[in-house]
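*Asks:* Pasting in a structure now, in structure tokens, and then I'll have a few things to ask.
The values are calculated or read from the model by the stated rules, or taken from the named source; none is laboratory data. Worth saying up front: this structure is predicted, and the values here are computed from it rather than measured. Ideal geometry is used to build each Cβ from the backbone, glycine not excepted, and the neighbour counts take in all protein chains shown.
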Amino acid sequence: MDSNNYSYYDYGYDYEGFPALDPSAFACMPTSIGNWIYVTLAAVYSLVCLLAVTGNLLVMVVIIHNRRSISSTDVYLLHLATADLLFAITLPFWAVDAVSGWVFGDAMCKVISMLQEVNFYSGILLLACISVDRYLAIVHSAQSHGHKRPWLVKLVCAAVWLVALLLSLPVLYKGKLIHEGRTLCFENHDIPSAAIWRTATRFLRHVFGFLMPLATMVFCYTVTVWKLCQTKGFQKQKAMKVIIAVVLAFLACWLPHNATVFVDTLMRSNLIKETCARRDHVDKAMSATLTLGFTHSCINPILYAFIGVKFRRNLVKLLADKGLVSQSVQAHYKRSVSTSSESGLIVATR
């Protein structure tokens, strides 16, 4: 098999390390994939890395610069930007891997894969925390709970990182593997008992790492939007625009991949019959949706810039403080946002 005839499965993107199928047991021919696809992937990953590093660093600087007026939601957004930044620094490794195979060794395979997984789980858990924060602030009119108890928000964020780390631990089974003359960063399990354990842990991660946070967001935002629709003013509706956009962007980028991975889990658990055609379709879908998920790390800063009026105002304030823009420009943006209920990156509605 030459370098132009690797399928997604052959390249080791066996999500979360199920044992490789014995090729002799199937009359399945690998899908022919041209080198141009890998070059394109490398270019996409490099561009996303540049945008993600620049954008998320900017978001972090803006939030920290306005830390005296930071809200609890802004703290979660700061941690979300940190997670995206950590993931962005892994993209150059995947870009090189796309064109040359894995050349960074076994230890870096584990580290880079771990950062990728931690980013995903911390992202969805932080978004679930934001949904609860908005639910409490708007539906139950919680009065400045983030300001009065900042230690609680910090404790929740610490718990999020811990849970994300624990959910990502199975990735440590990844290691360097030589396959058809190409070095892969791959999870290789050939022991049947390990396969059973991996099936169980994968289902647990589906439930606790995606379905439960997703259900939390759906409930909280459904009730919150219903509550907002009953109010006469528009200030709270404006405050929710950025958050809703951030959640929808996350789901648009990661929901297709997790749905595909769930189908793959059912196939590998023999709950869905595996055929050559189905395996080929799932492998292609996992490849495409994983690339879509990778692009998420650069999206949030773009949303803040185009939707978040308050973010733009704080950014201009930062630039004015550093002497990079005139005071007249700052005055224009200051007038564009009401100061009656501002806090941090977004408008806080307490």
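*Asks:* Just give me the residues in region 36-66 being within 22 Å of Lys310 (Cβ to Cβ), free of Cβ contacts under 8 Å to residues at least 40 places away in the same chain and more than 18 Å from the chain's Cα centre (by Cα), in sequence order.
*Replies:* Ile64
*Asks:* Right, here's the next one. If you check Thr90, Thr82, which single one turns out to be polar (S, T, N, Q), surrounded by fewer than 23 Cβ atoms within 10 Å (Cβ to Cβ) and within 12 Å of the chain's Cα centre (by Cα)?
*Replies:* Thr82
Quick grid of which residues meet (1) more than 23 Å from the chain's Cα centre (by Cα); (2) at pLDDT below 85; (3) hydroxyl-bearing (Ser, Thr, Tyr):
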| residue | (1), (2), (3) |
| --- | --- |
| Trp197 | yes, yes, no |
| Leu204 | no, yes, no |
| Phe210 | no, no, no |
| Ala215 | no, no, no |
| Cys220 | no, no, no |
| Cys229 | yes, yes, no |
| Gln235 | yes, yes, no |
| Ile243 | no, yes, no |
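*Asks:* I need every pair where a residue in region 75-95 that is modelled with pLDDT under 95 has its Cβ under 7 Å from the Cβ of a residue that is among the aromatic types (Phe, Trp, Tyr), sequence separation at least 6 or different chains.
*Replies:* Filtered contacts from region 75-95: Leu91/Tyr45; Leu91/Phe294; Phe93/Phe104; Trp94/Tyr45; Ala95/Tyr45.
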